[in-house]
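Structure record follows, encoded as structure tokens.
The values are calculated or read from the model by the stated rules, or taken from the named source; none is laboratory data. Bear in mind that the values here come from a model prediction, so they are computed numbers and not experimental data. Every residue, glycine as well, gets a Cβ built from its backbone with ideal geometry; the counts of neighbours run over all protein chains shown.
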């Protein structure tokens, strides 16, 4: 049986996470349902130049549309400068 310390990262150890750019097909089918209401008139993406979250007029609403692609994986890019992270991956990272 392994102790809790066996599951801890070693000093200097890290992992690089990024969405899978090698997947073929349409990609994920998750889209902003209200992106037009979120964008400032002069911007094409939500992510501000300084990063973080800009003040938004409405709450972002993400929906899955089967016609537009497959269900999302644990880490997906392509959300107006942000990543979509599954609850499962969030728990692992915490």
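Annotations for the structure displayed:
- Selected residue (criterion: nearest to the chain's Cα centre (by Cα)) from residues of the stretch 24-56 that are at pLDDT 75 or above and farther than 13 Å from residue 80 by Cβ: 28
- Applying the condition of being in contact (Cβ under 8 Å) with a residue 24 or more places away in the chain and within 10 Å of the chain's Cα centre (by Cα) to the stretch 57-79 and asking which residue is farthest from residue 23 (Cα to Cα) yields 79.
- Of the residues examined, residue 6 is one that is in a helix (DSSP H, G or I) and at pLDDT below 75.
- Looking only at the stretch 57-70, and only at residues there that are at pLDDT below 90 and surrounded by fewer than 13 Cβ atoms within 10 Å (Cβ to Cβ), the one that is nearest to residue 85 (Cα to Cα): 61
- Hits in the stretch 54-87 - residues which are touching a strand residue (DSSP E or B) at 6+ places or on another chain (Cβ under 8 Å) and part of a helix (DSSP H, G or I): 68
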